[in-house]
């Protein structure tokens, strides 16, 4: 029997945690062959290569190396680079070399561009993390989600809101599959490894007696007054609760451009770090008292970990993290951020519970859908 040939695409940091458990589940089967395509949308070693090592994913079969650029430029580069790879399989005389299906995850430019390229070559597309909606089309990720779901025939959903969104958009019921969250599979599998790292000791931190901060979205970092107000709140709070701040390259650039580094320099209990590996970062987040972030993935991880999460966004495509989990939306309102941090420090913050299907077995359900079981 000829094995089913699946192409799996990853391009940016969040993708790696989502594909890892799927790759592991596929490796257990002899009726599926998986080709891993790395677009290279993130090209910093700490945002890319190290993840293949720590997540124990095989090295990519194909590396496109598209790099950065504007959304249009990056999308165009991915389309141009991935099309001949997929076309070679689509036109292969040997059926074992043809791609029977493309799997894409998340909502980055690589997700959308790879899905479009596959659909134009008549390769069916499966979208892992389908149906998530912020209902804010000013966010590039929202456009990527909508377009990817529109051309996918397997919509693999991480939370119930995604099912309802897809139904309301008119997707056929037999395309929609609630499978759970593969990122949480990775978290649960590697949490013991993370606990063995020296990340806390290296940053001079004690368990549950510090916070973690990540910021990178334009709404928080691209306006001087907004970013300054947020940093000033963090500086004040750090005198009561040390904060570890792995500074995203985009945020570092804005801090320098706006002349805001003195705010951080005057707050010695804010420990600034370069981007760190997955295991080290998981060690930091899992033992934190609070996470302040504008990352979608961290909303989910904090919910699974039972750690308070103050989400610096006006909306979220992951409402279960707010309704059930640990996340509170504070937008870029510095005063609200300070108020919520005070609740955390006083022990009055409710971290909720973890959604039912975030049980570490989502990838197994994904593979069952992929192979038609």
Handout entry: With Cα atoms, 0 to 90° folded angle of helix 182-195 axis to the chain main axis
Key = 50 degrees
Exercise for the section: With everything on Cα atoms, drop me the angle between helix 296-305 and the longest principal axis of the chain, reported from 0 to 90° to the nearest 10. Expected result: 80 degrees
Practice task
Would you mind calculating the gained length between residue 369 and residue 342 on full extension (0.36 nm times residue separation, minus the Cα-Cα distance), in nm to one decimal?
Solution key: 5.2 nm
Practice task
Could you work out the per residue convex hull volume over the alpha carbons of region 64-159, in cubic angstrom?
Solution key: 93 Å³
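Compute the semi-axes of the equivalent ellipsoid of region 153-255, taking the square root of 5 times each eigenvalue of the Cα gyration tensor, and list them largest first in whole Å.
Values: eigenvalues 258, 105, 27 Å².
For region 153-255, the semi-axes come out at 36, 23, 12 Å.
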Handout entry: Computed lengthening from residue 27 to residue 97, 0.36 nm per intervening residue step minus Cα-Cα distance
Key = 23.4 nm
Completion exercise
Rounded to the nearest whole number, the per residue volume of the convex hull around the C-alpha atoms of the chain in Å³ is 124 Å³
Handout entry: Structure-based [θ]222 nm, the chain - -39500 (n - 2.57) summed over DSSP H runs of at least 4, per residue, nearest 500
Key = -13500 deg cm²/dmol
Practice task
Determine Rg/Rh for region 193-346; Rg is computed over alpha-carbon atoms and Rh is the Kirkwood hydrodynamic estimate from the same atoms.
Solution key: 0.93
Exercise for the section: Binning at 10 Å from 0, report for region 93-226 what percent of all alpha-carbon pair distances ends up in each bin. Expected result: 11, 29, 27, 23, 9, 1, 0
Handout entry: With Cα atoms, 0 to 90° folded angle of helix 109-120 axis to the chain main axis
Key = 10 degrees
Completion exercise
The simple spin-label model distance between residue 206 and residue 164, using points 7 Å out along Cα→Cβ, in nm, is 4.3 nm
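Any chance you could run the full-extension gain for residue 72 through residue 122? It's 0.36 nm times the residue separation minus the Cα-Cα distance, nm to one decimal.
Numbers: separation 50, 0.36 × 50 = 18.00 nm, distance 2.34 nm.
So the extension gain works out to 15.7 nm.
Values quoted throughout were computed directly from the atomic coordinates according to the rules given, and no laboratory measurement underlies them. Because the structure is predicted, anything quoted here is derived from the model rather than measured. Cβ atoms come from the backbone with ideal geometry, glycine included; neighbour counts cover every protein chain shown.
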